[in-house]
Amino acid sequence: MINLIATKVVEKYINKGILKLTDKEMYVYCFEILISTLINGIILLSIGFGTQHYISTIVFIIVFRALRGATGGYHANTHLKCFLTLIINFSLLIVMLEFIEVNILNYIAILIMVSSLFIITILGPVDNINKRLTIYEKSKKRLLCSIYYFVCIFTYCILIYFEGTKIYGFTISFTVMSVAVSLIIGKLEDKIRAKHTLGLRVIRYIP
């Protein structure tokens, strides 16, 4: 559905002479990402506002987008899987905010931040089969990973100091953990794919 909409939009601009036909696939892909991001954002905001977790929703979106853009990680092979993964992840955050006491959340948050720091430092950034990073790009993104993560830590430390903002501190830690888990899954997926590809090459060259 998203691909169809993106294709129609791109074809419209191509017919008007605004976009080039030779770059059609690239433009379709870019529009798919844009449409998918807008849909995901609208759904997340609807859930967040519906449960009255306005600020936590905005914090989740900002931190997730910024960190994920720098670290990379797991990429679902369809927009539906990507959508479901994000919604389930965010819904878990909302459930925890609703049913777990703030003081308990604080202890969980500390453990999450420490473990996530280790994971992101060791694994990030993780590229994917559709976009391999050069050594320079990895170095640049690794620097961004460090900057974004320490901004998250600094903000987290400020938020947990005040009683009324502790849940936003937990939101940051939960979002960072989500990115860290995505890194682990992305790394494992890449290794499995690499082994599978190597196995196919070995079979291909056996006379």
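The condition (being in contact with a strand residue (DSSP E or B) (Cβ under 8 Å, 6 or more places away or on another chain) and either farther than 23 Å from Lys166 by Cβ or crowded, with 17+ Cβ neighbours inside 10 Å (or both)) is satisfied by just one residue among Gly72, Gly17: Gly72. Just one of the numbered conditions (1) at pLDDT 85 or above; (2) in contact with a helix residue (DSSP H, G or I) (Cβ under 8 Å, 6 or more places away or on another chain); (3) not hydrophobic (A, V, I, L, M, F, W, C) is not true of Tyr74: (1).
Is one or more of the residues making up the stretch 28-40 of a type outside the set (S, T, N, Q), on the phi < 0 side of the Ramachandran plot and touching a residue at least 40 places away in the same chain (Cβ under 8 Å)?
yes
This table checks each residue for (1) more than 17 Å from Leu183 (Cβ to Cβ); (2) open to solvent by less than 80 Å² (accessible area, probe 1.4 Å); (3) in contact with a Ser or Thr (Cβ under 8 Å, 6 or more places away or on another chain).
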| site | (1), (2), (3) |
| --- | --- |
| Thr78 | yes, yes, no |
| Leu86 | no, yes, no |
| Asn89 | no, yes, yes |
| Met113 | no, yes, yes |
| Ile119 | no, yes, no |
| Gly124 | no, yes, yes |
| Leu144 | no, yes, no |
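If you check Leu97 against the conditions, is it loosely packed, with under 13 Cβ neighbours inside 10 Å and among the hydrophobic types (A, V, I, L, M, F, W, C)? Give the derivation first.
Numbers: loosely packed, with under 13 Cβ neighbours inside 10 Å: no; among the hydrophobic types (A, V, I, L, M, F, W, C): yes.
The answer is no for Leu97.
Could you please give the count of residues in the stretch 20-52 that are closer than 24 Å to Leu84 by Cβ and loosely packed, with under 15 Cβ neighbours inside 10 Å? Working first, answer last.
Here is the first cut: in the stretch 20-52, the ones closer than 24 Å to Leu84 by Cβ are 28-52.
Then drop every residue that is not loosely packed, with under 15 Cβ neighbours inside 10 Å, which leaves 29-30, 33-34, 37-39, 41-43, 45-46, 49-50, 52.
Qualifying residue count, the stretch 20-52: 15.
State whether one or more residues within the stretch 77-98 are of a type outside the set (Ser, Thr, Tyr), over 30 Å from Leu34 (Cβ atoms) and more than 18 Å from the chain's Cα centre (by Cα). Write out each step before concluding.
Let us first name the residues in the stretch 77-98 that are of a type outside the set (Ser, Thr, Tyr), namely 77, 79-84, 86-90, 92-98.
Narrowing the set further to residues that are over 30 Å from Leu34 (Cβ atoms) leaves 96, 98.
Keeping just the survivors that are more than 18 Å from the chain's Cα centre (by Cα) gives 96, 98.
Yes, some residue in the stretch 77-98 is of a type outside the set (Ser, Thr, Tyr), over 30 Å from Leu34 (Cβ atoms) and more than 18 Å from the chain's Cα centre (by Cα).
Within the stretch 74-89, residues that are within 17 Å of Gly186 (Cβ to Cβ) have Cβ atoms under 7 Å from residues that are among the β-branched types (Val, Ile, Thr) in these pairs: Tyr74/Ile185; Ala76/Thr85, counting only partners at least 6 apart in sequence or on another chain. Note on the stretch 154-172: residues that are modelled with pLDDT of 90 or more and crowded, with 17+ Cβ neighbours inside 10 Å total 9.
Cβ-Cβ distances below 9 Å connect the following pairs, each with a first residue in the stretch 145-160 that is more than 19 Å from Ile119 (Cα to Cα), a second residue that is open to solvent by 70 Å² or more (accessible area, probe 1.4 Å), and a separation of six or more residues or different chains: Ile160/Ile110.
The values are calculated or read from the model by the stated rules, or taken from the named source; none is laboratory data. In this text the structure is predicted, and so the values were computed from the model without any measurement. Virtual Cβ from ideal backbone geometry, glycine too; neighbours counted across all protein chains shown. Heads up: the accessible areas ignore ligands, DNA and RNA and are worked out on the full protein's heavy atoms, side chains in. Shrake-Rupley method; radii C 1.70, N 1.55, O 1.52, S 1.80 Å.
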